[in-house]
Amino acid sequence: MNKITAYIATCLLVVSIFTACKQERKLPFYGERHAETVRDAAGIEKIDTVYQTIPNWSFLNQDSIVTTNKATDGKIYIADFFFTSCTTICPTMHRNLMTVYNEFKTNPDVMFVSHTIDFKYDRPHVLKKYAKKLGVDGPKWLFLYGSKDSVYTLAEKNYLVAVGEDSTAKDGYIHQGYLVLIDKDRRIRGAYDGTKEEQVEQLKKDIPVLLAEYKK
Amino acid sequence: MRKYIINSIFFLFIIGIIVSCQNQETIDLQNYMSNGKDIYKAKCQNCHGENGEGLGELAPPLTDSVFLKTNKNRLACFIKNGANESLIVHGKEYKEKMPAFPELADIDVAQVMVYITNSFGNKQGFVPYSEVSKDLQNCK
């Protein structure tokens, strides 16, 4: 009898250890960070970590309407940099991103933001035509046009994606194919190579994890 | 009896030639297919997809066997020089410009063409490099 009790106790202990180890998965924070002293609601001073955030922006969307960062308020979104006449990595990136879009298009908390880096040719009406041909309609996926300076600075300083003009490249521009995941507080929570299917699959798994953080 | 033996040896010889000819073509086809696949991955797959499914209305699928057959002599030109006209594929109109690939040699064009016309549900058989060269000279 004693033996059985001891056996059951051991089993319970083992099970409880295993469940205790299973933590909720949380996404990392990317970019620079620094410590800051803040006062909480009760007025007690404490040190908190401040993460890099995406600054305010304002661009024209595919309907030629001025769109600002307000459009993404209260949403998580996936940002990327591309151009419509790109024949190298962009078609693959957007083919893969389309699968993400189709999976989350009914979720009101998820948005998609694509910035063009071709400031010469990709005017809003070109972006509109591109979006339509890709099979995207509506404000859930923004295609944004801005000046070279504003877009390139945003890409390199804030989204940490390298972009540039390059006359030796086949299409005139070079850029990285990252899909950058931004949370509701405008912090970078993930970067996935949009040309690699397995990384895009990971993105699909990470979006619900990030959304779960806000469901408390 | 002797005549019979000589005749049968002669026939076996002829059959042997035919069989080995077919083998050579099969070998060529396999060769073109495997090289063509590598070229397809590097140059075509971005837009036309891993399984030739195309991309929205931006890039047409490569699965329309009827289109491939009726435009047989123009395929090599499309591959090398791109396309700047509207094309009807699977009953849908595609108007986007296809880029040129001047870096492809005639043999590369032939290999990728054979790969496309014998993949994704297409089965149009082998086309030798010499024919593709001729097609390329007649490009508009």
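The values are calculated or read from the model by the stated rules, or taken from the named source; none is laboratory data. The structure displayed is predicted, hence computed values, not measured ones. Positions of Cβ are backbone-derived with ideal geometry, glycine not excepted, and every protein chain shown enters the neighbour counts.
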Extreme residue, nearest to the other protein chains (Cβ to nearest Cβ), among residues of region A:89-106 that are more than 16 Å from B:GLU50 (Cβ to Cβ) and either in contact with a His (Cβ under 6 Å, 6 or more places away or on another chain) or among the polar types (S, T, N, Q) (or both) | A:ASN102
With respect to the numbered conditions (1) free of Cβ contacts under 8 Å to residues at least 12 places away in the same chain; (2) small (Gly, Ala, Ser); (3) within 24 Å of A:THR49 (Cβ to Cβ), which one is the sole condition not fulfilled by A:SER167?
-> (3)
In region B:95-138, anything within 22 Å of B:LYS41 (Cα to Cα) and within 14 Å of chain A (Cβ to nearest Cβ) is listed as B:GLU96, B:LYS97, B:MET98, B:PRO99, B:ALA100, B:PHE101, B:PRO102, B:GLU103, B:LEU104
Could you pull out the residue among A:ALA191, A:ALA155, A:ALA169, A:ALA162 that is surrounded by fewer than 22 Cβ atoms within 10 Å (Cβ to Cβ) and within 15 Å of the chain's Cα centre (by Cα)?
-> A:ALA191
Restricting region A:92-122 to residues that are basic (Lys, Arg) and surrounded by fewer than 18 Cβ atoms within 10 Å (Cβ to Cβ), the residue that is farthest from A:ILE174 (Cα to Cα) | A:LYS105
Restricting region A:123-138 to residues that are more than 14 Å from every other protein chain (Cβ to nearest Cβ) and not basic (Lys, Arg), the one surrounded by the most Cβ atoms within 10 Å (Cβ to Cβ) turns out to be A:PRO124
From the list A:THR37, A:THR10, A:THR49, pick out the single residue that is under 24 Å from A:LEU210 (Cβ atoms), outside any loop (DSSP other than H, G, I, E, B) and either at pLDDT 75 or above or out of contact with any Asp or Glu (no Cβ under 6 Å at 6 or more places or on another chain) (or both).
-> A:THR49
Among the residues of region B:1-55, which ones are within 14 Å of another protein chain (Cβ to nearest Cβ), farther than 17 Å from B:PHE78 by Cα and among the hydrophobic types (A, V, I, L, M, F, W, C)?
-> B:LEU55
Checked B:GLY49, B:GLY56 against criteria (touching a residue at least 12 places away in the same chain (Cβ under 8 Å) and among the small types (Gly, Ala, Ser)); the one match is B:GLY49
Residue under evaluation A:VAL50, criteria (1) without any contact (Cβ under 8 Å) to a residue 24 or more places away in the chain; (2) surrounded by fewer than 12 Cβ atoms within 10 Å (Cβ to Cβ), criterion not met = (2)
Quick one: in region A:24-43, which of the residues that are among the basic types (Lys, Arg) and in contact (Cβ under 8 Å) with a residue 40 or more places away in the chain is nearest to A:ASN158 (Cα to Cα)?
-> A:LYS26
Given (1) touching a strand residue (DSSP E or B) at 6+ places or on another chain (Cβ under 9 Å); (2) surrounded by 18 or more Cβ atoms within 10 Å (Cβ to Cβ), B:VAL89 misses just (1)
Tell me, which helices (runs of 4 or more DSSP H) lie completely within region B:1-82 with 3 or more residues that are out of contact with any Gly (no Cβ under 8 Å at 6 or more places or on another chain) and loosely packed, with under 10 Cβ neighbours inside 10 Å?
-> B:2-39
Test result for B:ALA100, surrounded by 11 or more Cβ atoms within 10 Å (Cβ to Cβ), touching a His at 6+ places or on another chain (Cβ under 6 Å), within 24 Å of A:THR84 (Cα to Cα) and modelled with pLDDT of 90 or more | no
